[in-house]
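The values are calculated or read from the model by the stated rules, or taken from the named source; none is laboratory data. Bear in mind that the values here come from a model prediction, so they are computed numbers and not experimental data. Glycine gets a Cβ as well: all are built from the backbone with ideal geometry, and neighbour counts include every protein chain shown. These accessible areas exclude ligands, DNA and RNA; they are computed on the full protein's heavy atoms, side chains included. Shrake-Rupley method; radii C 1.70, N 1.55, O 1.52, S 1.80 Å.
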Amino acid sequence: MIAVALRNLRHRPGGFVATFLSAFLGATLLMAFASLLDTAATADAASGESLSTTAGVGGGWCLIIVAFAVTSTLSLAVRQRAEQVTLLRRIGATGPQLRRMIVGEAAAVALVASVVAVPAGLYLGRVLLTLMQNTGQVGESVGYVFGPIALGAGFGVTLLGSIVAGVAAARRTSRPTGTKAARPRVRRIGGVVFLLVGANCSVLTATLMDGKGIDAMATAGQAGIWAAIGLALFAPELLRLVTAVLGTPVRALGGVAGELAVLGVSQRTRQLAGAVMPVVLFTGIATGTVYMQDIEDKASAGAAQPDYAQDIQTLNYVVVGMITVFVAIMLVNTLIAATMHRRREFAQQRLAGSTRGQLIAMVTLEGLLVTVTGVLSGSTAALFTILPFGAARADRIWPDATPIAYAIIVTVAEALTGAAVLGTTRRALSGPAVAAIH
């Protein structure tokens, strides 16, 4: 089946674009941050400490979010090939053979993505070092090193993460027909665990870190990210809840398209949940970081700051900014992959009497439900950071901050979702409907 996997990659490269892009971007970020550890080994003590701190915190969060994104994208890609897997099973393929095929594909894509990511990771690592030198955190004489730690992190983590994700996806796909899946229970338990970890960090921020100054940002930032991941794991349930609440007004305002949108979301909750997850992460991480830094800037105005304050500010604006960009790209990547796979579905609806305008309106309303679910969940996750940090640093739970930044983040999330969905839908609707069926 490994030979089948390689032939799939050669003859159906388009089916693996989303997985490749996810692995490539993840490997690039991991190599860039890990290269700071290579550089720290040859730097002076002060510079080495700053480099190690940035690499450890930024790289650690990249590792978690990249693994989450790769798993989500690969699972989506495997689910979209249900017909091929069913056909292979009918002609005699066994469960272990199907698992070897899927894992082999995941490993091959991850290996190619890691190789391509080397020059990108090298360049991005140089940018990080230059930024730290420009802000005085690292000495100007420190030379950039891209060595074994960067390559080991990029290749090792990307390959291992893709293989583990491939094994998990393959076990679900190759499970005999009629077998009840245990994954929802595992996913929900994971979601609860992440939410509890986030809540614990929030409590620590508001209690033990009260009066600790800028050090409170360490636990506050973790709280929002853990909570965002936890809520993202509950994406199917949250999407059903939002659809149940907004279903009536969507039907009333959207007419036929609204009815189709609500039915489509209700029937394809698992598939669309993959699009909700990056919206949750994008909104939660971006909102929590921006407002946490705003609270800190106001609280520390005119006060003496420790030497590592600049390091933390760099981590917030640059490192978390890079992670946010990565999640935004994953959002677009996931939506495009999910929408293009519906080409045949759109063709069948057109043959049944739906017009192109109705289908575009239907997908727009589906995207609206996805965005609302993701934005509300991400905003909730951000509160795990903002509220306890505000209590610890400003002695007030609700921050004295402008809503403009939040409005911009929500607008960006809506724009990314809308552009990805509408652009892909228009391409999927091009050409005769009969041709798309075959």
_At 18 angstrom or more along the helix axis (alpha-carbon based) and mean Kyte-Doolittle of -1.0 or higher, what helices does the chain contain? Whole DSSP H runs only._
17-40, 45-79, 95-134, 158-173, 183-206, 216-233, 235-267, 269-299, 320-340, 356-394, 404-428
*Identify, among Ala391, Gly136, Ile404, the residue whose Cα sits farthest towards the positive end of the charge dipole of the chain, taking +1 on the Cβ of Lys and Arg and -1 on the Cβ of Asp and Glu, with the dipole about the Cα centre.*
Ile404
*Label-point separation in nm, Thr402 to Ile64, each point 7 Å along Cα→Cβ*: 3.1
*Of the residues Val318, Val186, Val157, which exhibits the maximal mean-square fluctuation in a Gaussian network model of the chain defined by a 10 Å Cα contact cut-off?*
Val186
*Using the charge dipole of the chain (Lys, Arg: +1 at Cβ; Asp, Glu: -1 at Cβ; taken about the Cα centre), state which of Ala227, Ala301, Ala428 has its Cα farthest towards the positive end.*
Ala428
*asked:* Between Pro399, Pro249, Pro388, where does the largest GNM mean-square fluctuation fall for the chain, given springs only between Cα atoms within less than 10 Å?
replied: Pro249
_Relative contact order computed over the chain (Cα-Cα under 8 Å; 6+ residues apart), in percent_ = 20
_If the elastic network links every pair of Cα atoms under 10 Å, which of Trp226, Trp398, Trp61 fluctuates the most in the Gaussian network model of the chain?_
Trp398
_At 222 nm, what value in deg cm²/dmol follows for the chain if DSSP H runs of at least 4 each add -39500 (n - 2.57) and the sum is divided by all its residues, to the nearest 500?_
-27500 deg cm²/dmol
*Counting only the heavy atoms of the protein chains, how much of Asp297 is accessible to a 1.4 Å probe, in Å² to the nearest 10?*
60
*Could you provide, to the nearest whole Å², the per residue accessible area of the chain with probe 1.4 Å?*
44
*Using Cα pairs under 8 angstrom and six or more residues apart, how large is the relative contact order of the stretch 234-301, in percent?*
35
*Could you size up the charge dipole of the chain around its Cα centre, putting +1 on the beta carbon of Lys and Arg and -1 on that of Asp and Glu, and report it in debye to the nearest 20?*
3000
*Calculate what fraction, in whole %, of the accessible area of the stretch 320-394 sits on carbon and sulfur atoms when a 1.4 Å probe is rolled over the protein chains.*
68
